Amino acid sequence: MSNESLADEVRNNIQSLQSSLRELQDAVRLSDIRDSVEDLQTSVNGMDQRVASLRKRGYAFEKELEGKAADFAEQWADLAPNIRRQLEREAQILERSLRPLETQVTDMATKRGAPLALKSQVDRLTSQVDALKGRAEAAQNSIRGSYDLFDQNVQSVKYHFSKLEWMLSELSEASFELLATESGIMAVKAVWAKDGKERKDDPEGVLYLTDQRLIFEQKEKVATKKVLFIATEKKLVQEKLWETPVATVEETKARKDGFMNKDDFIDIQLDDGAPYDSLSLHIWEPAEEWRALIKRAKAKEFDATRAIAIDEAEAEKVKSAPTQCPSCGGMINQVVLRGMDNLTCEFCGVVIRL
């Protein structure tokens, strides 16, 4: 290699070394993990307010959420001081090792001499910078390991909160209203696959699960004008397409379909009192999780976790609902839901007040 080529290589290596040093300066300050710790602190501090907001907006279940938020705050109060001490101690050690490297790299950038000798010095400093970068990464991993499990638990609860908040926002914009004392359990973006296989024109919207019903609301922008097959005008179509009491669910099945079987589908078999024999939906969450939620709702397991009590007068209406039509004597097979004001006899059409 000619002296000129070697000199060019050395100049490039010096520039690369300076760039590595700038990255190292951030690394030894442990900036990433400091930000992570501050984000975690903010999440823990705000958890009780998020629970209070969920309650205010009508989320009635998981009465343990308040206690869980308090437990997180207590655990963090124990963890945080030690984490911060570790951060300061490791950062000081790393910064002391960084200072001589900064001086040497600055001097190197101003040196003039034989390219071969300079290359040797650059290689040595590059090795030292890489070694210190490795120590910084090890320090971050060690500190992160001291609270990683706690952080995972917090993030899991935050994700759950975000899903509940989305459900409540969707309910606030819905084209239907919940019954008195009826409460949402979960909602998910969904497509109703009318014949079991998703088609292009199948309605897209939101599947809601409450403690009493499954409800599908179409909510999508539909093209009203096209030019060369491209939609130029759209309108929002939003309407409830069907509902069925969770009591009418006989069986649920989770399956994979779509491209490379990556899409989650849930098939719901219904009894004779439901508006359909079966329903199939492509949902944007694991179908097994929704299968479990529907099963729990049907078994009334969520009632045991209520933080907002059921109005006893509404509950009494269900208990005392007639089993026969007072007009024609026909049997009432309709599922009576809490919050309903009346029933319609399927035989004579008379409206029965509850």
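Does residue 73 meet the test of being more than 23 Å from the chain's Cα centre (by Cα), closer than 23 Å to residue 149 by Cα, modelled with pLDDT of 95 or more and of a type outside the set (Asp, Glu)? So residue 73 does not fit the description; no.
Scanning segment 279-306 for residues that are over 19 Å from the mean Cα position of the chain (by Cα) and either among the hydroxyl-bearing types (Ser, Thr, Tyr) or within 23 Å of residue 199 (Cα to Cα) (or both) yields 279, 280, 281, 305. Taking segment 157-180 as the range and being open to solvent by 70 Å² or more (accessible area, probe 1.4 Å) and assigned to a helix (DSSP H, G or I) as the test, the residues that pass are 159, 166, 172.
Each residue in segment 8-47 was checked for being small (Gly, Ala, Ser) and over 27 Å from residue 81 (Cα atoms), and 3 pass. Scanning segment 159-194 for residues that are among the small types (Gly, Ala, Ser) and touching a His at 6+ places or on another chain (Cβ under 7 Å), we see that the one that is farthest from residue 215 (Cα to Cα) is 193.
Every residue, every condition in (1) of a type in the set (A, V, I, L, M); (2) in contact (Cβ under 8 Å) with a residue 60 or more places away in the chain, yes or no:
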residue	(1), (2)
33	yes, yes
49	no, no
87	yes, no
104	no, no
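Among the residues of segment 305-320, at least one is of a type in the set (S, T, N, Q) and touching a Phe, Trp or Tyr at 6+ places or on another chain (Cβ under 9 Å).
Note on segment 203-212: residues that are touching a residue at least 40 places away in the same chain (Cβ under 8 Å) and not in a strand (DSSP E or B) total 2. Would you call residue 80 out of contact with any Pro (no Cβ under 7 Å at 6 or more places or on another chain) and either at pLDDT below 95 or farther than 22 Å from residue 172 by Cα (or both)? Yes; evaluated as a whole, the condition is true for this residue.
The values are calculated or read from the model by the stated rules, or taken from the named source; none is laboratory data. Just so we're clear, the structure is a prediction, and the values are computed from it rather than from any experiment. Counting neighbours? That spans all protein chains shown, and the Cβs are built from the backbone with ideal geometry, glycine included. Protein only, heavy atoms only, side chains kept; ligands, DNA and RNA dropped before computing areas. Shrake-Rupley method; radii C 1.70, N 1.55, O 1.52, S 1.80 Å.
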